[in-house]
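Enquirer: The structure that follows is given in the form of structure tokens.
The values are calculated or read from the model by the stated rules, or taken from the named source; none is laboratory data. These numbers were taken from a predicted model, which means no experiment stands behind them. Note that each Cβ is placed from the backbone with ideal geometry, even for glycine, and that neighbours are counted across all protein chains shown.
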Amino acid sequence: MLAAFLLGLSGSVGHCAGMCSGIAVLLSRRGVTQGWRLILAHLGRISSYMLLGTAAGGLGSLVAIPGLSGGQGGLALLTALFAFYIALAMFGRAPSPELLFTRLTQGWGRRMRRFAPGQTPTAVSAFQAGLLWGLLPCGLVMAGLLAAAVSGSALDGAFVMAAFGLGTLPMTLGIGVAARTRLVARLNAGPWLRAATAVILLAFGLQMALRGLAAWDILPHQHIGKLMLW
């Protein structure tokens, strides 16, 4: 879960400003970027992550049944490859993973504009907007879901995505503030910040790769006390 939190925290710095600034502007115009409405919107967003994490963890647990040993290792290595790809994209050495979801994103955008709260949003509509926000097709969320699948159970998958969502909070809250003050355009991460974020994503990918190799008994697992490094 610590790795998922750091993935959300670091990845959001160089990623969410570009992906979520338009959402922040839309919600700001609908009065959902301040006070209790903002809290409910983010609660809805993280709730969506947890629901997706529950499904991913449940599916991941299927490869841990007897006769399919090593499946968790394969999922960990797949997560590592995806994290490496996102890092390369942030370095400008690969196309953005969101290009794979262009049609899905366009359809999601139409639904978001349709279902976003009106000028006087209620608690329910603010929460619903957050739920829909959490379903935005996003490469960073995909990496988090792969990590949830590696967790090995539906419950652990939900916790992994909750940690991921909490990690994204500082940046997404900042985007909400910027949307109210019309400073969203200034939130785009500079090249050094994006590079630092990419390095952290590479470290996350390395941890997942080592975990996968350890699951295949190629390397030993390593712990610090009760904390498993990989």
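Enquirer: Please work out which one of (1) at pLDDT below 75; (2) surrounded by fewer than 20 Cβ atoms within 10 Å (Cβ to Cβ); (3) assigned to a helix (DSSP H, G or I) is the condition H15 fails and give its number.
Expert: (2)
Enquirer: If you don't mind, another one. Find all pairs meeting these conditions: Cβ atoms under 8 angstrom apart; at least six residues apart or on different chains; first residue within region 44-65 and buried (at least 24 other Cβ atoms within 10 Å of the Cβ); second residue modelled with pLDDT of 95 or more and of a type in the set (S, T, N, Q).
Expert: Between residues of region 44-65 that are buried (at least 24 other Cβ atoms within 10 Å of the Cβ) and residues that are modelled with pLDDT of 95 or more and of a type in the set (S, T, N, Q), there is no close pair.
Enquirer: I've got another one for you. In this structure, does F82 turn out to be modelled with pLDDT of 85 or more and either surrounded by fewer than 15 Cβ atoms within 10 Å (Cβ to Cβ) or of a type outside the set (K, R) (or both)?
Expert: Answer is yes for this residue.
Enquirer: So, in region 93-107, how many residues would count as being outside any helix (DSSP H, G or I) and surrounded by 12 or more Cβ atoms within 10 Å (Cβ to Cβ)?
Expert: Matching residues across region 93-107 total 2.
Enquirer: Considering (1) closer than 28 Å to T197 by Cα; (2) modelled with pLDDT under 75; (3) surrounded by fewer than 14 Cβ atoms within 10 Å (Cβ to Cβ), say which one T33 fails and leave the rest.
Expert: (3)
Enquirer: Right, here's the next one. Between a first residue in region 132-145 that is over 10 Å from I46 (Cα atoms) and a second residue that is part of a helix (DSSP H, G or I) and of a type in the set (D, E, K, R), which pairs have beta carbons less than 6 Å apart while being 6 or more apart in sequence or on different chains?
Expert: G139/E98
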